[in-house]
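The structure appears below as structure tokens.
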Amino acid sequence: MISVDWIVYICVFVLFFAASFYALSCIDFSRFTLKNSTQKIYLLIFLLSLSLAWMVTEAVMTLTIRQGF
């Protein structure tokens with residue numbers, strides 16, 4: 001059975017993933033990569049968003065719900 005903590009964790013993760021994906025899409029990664037490599041750029045943005053969302057979610061959950069002070 002899924003607890004309320006996991007539902008909150010998933011909702012917070014999805015929220016931060018969307019926010020980080022939106023924020024990272026504003027950066028022009030094409031300056032750092034070769035031409036015609038849009039799939040690699042999207043993969044890079046996806047992976048960076050995933051890791052950033054995980055780190056922020058862990059920080060928020062630790063400081064609020066899990067009370068890791």
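Just so it is clear, none of the values below were taken in a lab; they were calculated from the coordinates. The structure presented is a predicted model; accordingly, all values stated were derived computationally and were not measured. Positions of Cβ are backbone-derived with ideal geometry, glycine not excepted, and every protein chain shown enters the neighbour counts.
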With springs only between Cα atoms under 10 Å apart, run a GNM on the chain and tell me which of 51, 20, 30 wobbles the most. 30
Taking only Cα atoms, what is the 0 to 90° angle, nearest 10, from helix 38-63's long axis to the longest principal axis of the chain? 20 degrees
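Taking only the alpha-carbon atoms of the chain, what semi-axes of the equivalent ellipsoid follow from 5 times the gyration tensor eigenvalues under a square root, in whole Å, largest first?
Over the Cα atoms of the chain, the ellipsoid semi-axes are 31, 12, 8 Å.
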Could you check the spin-label model distance between residue 21 and residue 35? Points 7 Å from the Cα along Cα→Cβ, value in nm. 3.0 nm
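How large is the helix-only mean residue ellipticity at 222 nm for the chain, computed as the sum of -39500 (n - 2.57) over DSSP H runs with n ≥ 4, divided by its residue count, in deg cm²/dmol to the nearest 500?
Numbers: 2 runs with 47 residues, N = 69.
About -24000 deg cm²/dmol.
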Where does helix 4-24 land angle-wise versus the long Cα axis of the chain, in degrees 0 to 90, nearest 10? 20 degrees
